[in-house]
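First comes the structure, then the notes that go with it.
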Amino acid sequence: MAERSIIQKDFYRESGQWLSRFQIWKKCINPNLHFIYILRKAQQHGKNPVSGIFWKFILRHYQIKYGFQIYPETQIGEGFYLGHWGSLVINPKAKIGMNCNIAQGVTIGQQNRGKNAGFPIIGNEVWIGANAVIVGGITIGNNVLIAPNSYVNFDVPSHSVVMGNPGTIYSNQNATEGYINHKI
């Protein structure tokens, strides 16, 4: 079997099916998938002076159109899934692992001062609910569910659920079970 592209792996998360290039283009009617396709193309061509500028220009247009502020410099693992479109901000220095789901209204950002100055590092199989805020030089472990409207500016161990503002951590070995489908 041929090696799958990162775009195929991202699109697999949505449907649970391996898609051809033509099938991927057909799915690009969906704003979430369309944006992921363009983001991955901008990342793929980032070092090429001609095609890199072209894809960054196209990406900028769709950042404005769909409300996603995600830059090609952001390190995002394969199997990336955006649940809904609109109003999403991810700092370009943040790192996001594999099989992560991010809902609308989420901010993953920088903290400029204090003990947690810096950018978040988010592990694998993390589900981030609507309007959650994750800020600072913190680490989110693997298999973590961050509930909607949670504020997280502290490290979160693997196999946890975070709820509330300020966030409270609850240990749970099956934190994302049933939330993250079609894993890569």
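So here's what we get for this one:
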read-out: Cα centroid separation - segment 9-33 against segment 68-146, whole Å; value: 22 Å
read-out: Relative packing of peptides 60-71, 28-39, 124-135 - highest average C-beta neighbours within 10 Å first; value: 124-135, 28-39, 60-71
read-out: The chain: relative contact order as a whole-number percent, Cα under 8 Å and 6+ apart; value: 15 percent
read-out: Summed residue charge, Cβ within 15 Å of K41's Cβ, Lys/Arg positive, Asp/Glu negative; value: +4
read-out: List T139, T176, ordered by accessible area with a 1.4 Å probe, largest first; value: T139, T176
read-out: Highest-MSF residue in the chain out of G164, G137, G105 [GNM, Cα springs under 10 Å]; value: G164
read-out: Net charge, K56 excluded, C-beta distance under 14 Å - Lys, Arg +1, Asp, Glu -1; value: +3
read-out: Around I180: net Lys/Arg minus Asp/Glu count, Cβ-Cβ under 9 Å; value: 0
read-out: Rounded D (µm²/s) - the chain, Kirkwood Rh over Cα pairs, Stokes-Einstein at 25 °C, 0.890 mPa s; value: 148 µm²/s
read-out: Beta bridges per DSSP with both ends in the chain, % antiparallel, nearest 5; value: 15 percent
read-out: Total charge dipole magnitude, the chain, about the Cα centre, Cβ charges on Lys, Arg, Asp, Glu only, Debye to nearest 20; value: 620 debye
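The values are calculated or read from the model by the stated rules, or taken from the named source; none is laboratory data. What you are looking at is a predicted structure, and each value in this text was computed from that prediction instead of being measured. Backbone-built Cβ (ideal geometry, glycine too); neighbour counts: all protein chains shown. Heavy atoms of the whole protein, side chains included, go into the accessibility calculation; ligands, DNA and RNA do not. Shrake-Rupley method; radii C 1.70, N 1.55, O 1.52, S 1.80 Å.
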